[in-house]
1. Using only Cα atoms, tell me the angle between helix 40-61 and the longest principal axis of the chain; keep it within 0 to 90° and round to the nearest 10.
2. Neighbouring Cβ atoms within 10 Å as the yardstick, rank 6, 51 fewest first.
3. Below 8 Å, C-alpha to C-alpha, sequence gap of six or more: please give me the relative contact order for the chain in percent.
4. Helix 26-38 versus the longest principal axis of the chain: what is the Cα-based angle in degrees, 0 to 90, to the nearest 10?
5. In degrees, nearest 10, range 0 to 90: what is the angle between the Cα axis of helix 70-80 and the longest Cα principal axis of the chain?
6. Between residue 30 and residue 83, what length in nm is gained on full extension when 0.36 nm per residue of separation is reduced by their alpha carbon distance?
7. Along the Cα→Cβ direction, 7 angstrom out, place labels at residue 61 and residue 10. What is the inter-label distance in nm?
8. Counting only helical runs of four or more DSSP H residues, what would the 222 nm mean residue ellipticity of the chain come to if each run contributes -39,500 (n - 2.57) and the total is spread over all its residues?
Ligand SMILES: [Zn+2]
């Protein structure tokens, strides 16, 4: 959707990171926000990106279950040391 005197959706998507970083200069910020008001698809997309960022930060705060990191490292080290069967035994391939 192209709104009058503003951005295309593609242009709005390209600017989303700068918008979220509060790095858009004032005239472009006004144009961007005008596009969001007029374009429900881009508004929804921005909300989805914000939700994804929020969820990603929440996940990063959760400690990994015990063994989560050790198991793949153990398999990699065994494979690197020549144990070709470890991949078959671990991943059933
Ligand atoms: Zn749009």
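Just so you know, all these numbers are worked out from the coordinates, no wet-lab data involved. The model shown is predicted, which means the values in this text are computed figures rather than measured ones. FYI the Cβ positions are ideal-geometry reconstructions off the backbone, even for glycines, and counts take in every protein chain you see.
1. It is inclined by approximately 40 degrees.
2. Ranking 6, 51 by Cβ neighbours within 10 Å, fewest first, gives 51, 6.
3. 19 percent
4. 80 degrees
5. Long axis of 70-80 versus the principal axis of the chain: about 60 degrees.
6. 13.1 nm
7. For residue 61 paired with residue 10, the spin-label model returns 3.9 nm.
8. Helix-only estimate at 222 nm: -20500 deg cm²/dmol.
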